[in-house]
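> Structure in structure tokens, see below.
Taken together, the values in this text are just the output of simple stated rules run on the coordinates, not laboratory data. In this text, all values refer to a predicted model and were calculated from it rather than measured experimentally. Cβ coordinates were reconstructed from backbone atoms using ideal geometry, including for glycine residues, and neighbour counts include every protein chain displayed.
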């Protein structure tokens, strides 16, 4: 699936760390994440992936509670936040990312997310993970994602 992005309708990926910061009021990024989410969510431009949701549910469940994880999941359903599915081509590209950045501790979800973002043309991420600032893509690996807030 290709998502066309225009300057007036920039789509933004929401990463696991941002979802977790919103869910955990003791997280050091909680207030900043909450404010950013409340400002951006009504615009309808936030997207996430199936693997990020799975990782977020597992993280919230293990650090907070199963009830908190179910609340997070229900919130995604109620707000109709688009949860996009990765494709086989993203898994193959993720493997190449892991090989090209072998000196980095990119997780499987990081690599698949970067591959997916690059393929669909989303270059903005609501994230706290510094890996979004390290990863480079495009010709000569000259391009970088923009991380918010």
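> What does the helix-only formula give at 222 nm for the chain: each DSSP H stretch with n ≥ 4 adding -39500 (n - 2.57), the total divided by the residues, and the result rounded to the nearest 500 deg cm²/dmol? Working shown, then result.
Values: 7 runs with 77 residues, N = 149.
So the calculated ellipticity at 222 nm is -15500 deg cm²/dmol.
> In addition: Rounded to the nearest 10 degrees, what's the angle between the helix 66-79 long axis and the longest principal axis of the chain, both from Cα atoms, 0 to 90?
The answer is roughly 70 degrees.
> What is the calculated FRET efficiency for residue 25 to residue 105, with r their C-beta to C-beta distance and R₀ = 22 Å, to the nearest 0.05? Intermediate results must be reported in sequence, preceding the final value.
Values: r = 28 Å, r/R0 = 1.25.
Plugging the Cβ-Cβ distance into 1/(1 + (r/R0)^6) gives 0.20.
> On to the next question. What is the gain in length, in nm to one decimal, between residue 83 and residue 141 on full extension, counting 0.36 nm per residue of separation less the C-alpha to C-alpha distance? Spell out each step's value before the answer.
On the way: separation 58, 0.36 × 58 = 20.88 nm, distance 2.74 nm.
Result: 18.1 nm gained on full extension.
> For the chain, take the longest principal axis of its alpha carbons; what is the angle in degrees between that and the long axis of helix 30-40, to the nearest 10 within 0 to 90?
80 degrees
> Rg and Dmax of the range 7-148, using alpha carbons, in Å: what are they?
Radius of gyration, then largest Cα-Cα span, for the range 7-148: 14.8, 45 Å.
> If you build a Gaussian network model of the chain, linking Cα atoms that sit under 10 Å apart, which residue out of 54, 67, 21 swings the most?
Largest GNM mean-square fluctuation: 67.
> Would you look at the GNM of the chain, springs on alpha carbons closer than 10 Å, and say which of 71, 16, 112 moves the most?
71
> With springs only between Cα atoms under 10 Å, which of 115, 39, 94 fluctuates most in a Gaussian network model of the chain?
Answer for the Gaussian network model of the chain: 39.
> In the range 13-65, how does Rg compare with the Kirkwood Rh, expressed as the Rg/Rh ratio over alpha carbon atoms?
Numbers: Rg = 10.9 Å, Rh = 11.3 Å.
Across the range 13-65, the Cα-based Rg/Rh ratio is 0.97.
> Would you list 46, 133 from fewest to most Cβ contacts within 10 Å? Show your work: numbers first, answer last.
Numbers: 46 19, 133 13.
With the sparsest Cβ surroundings first, the list reads 133, 46.
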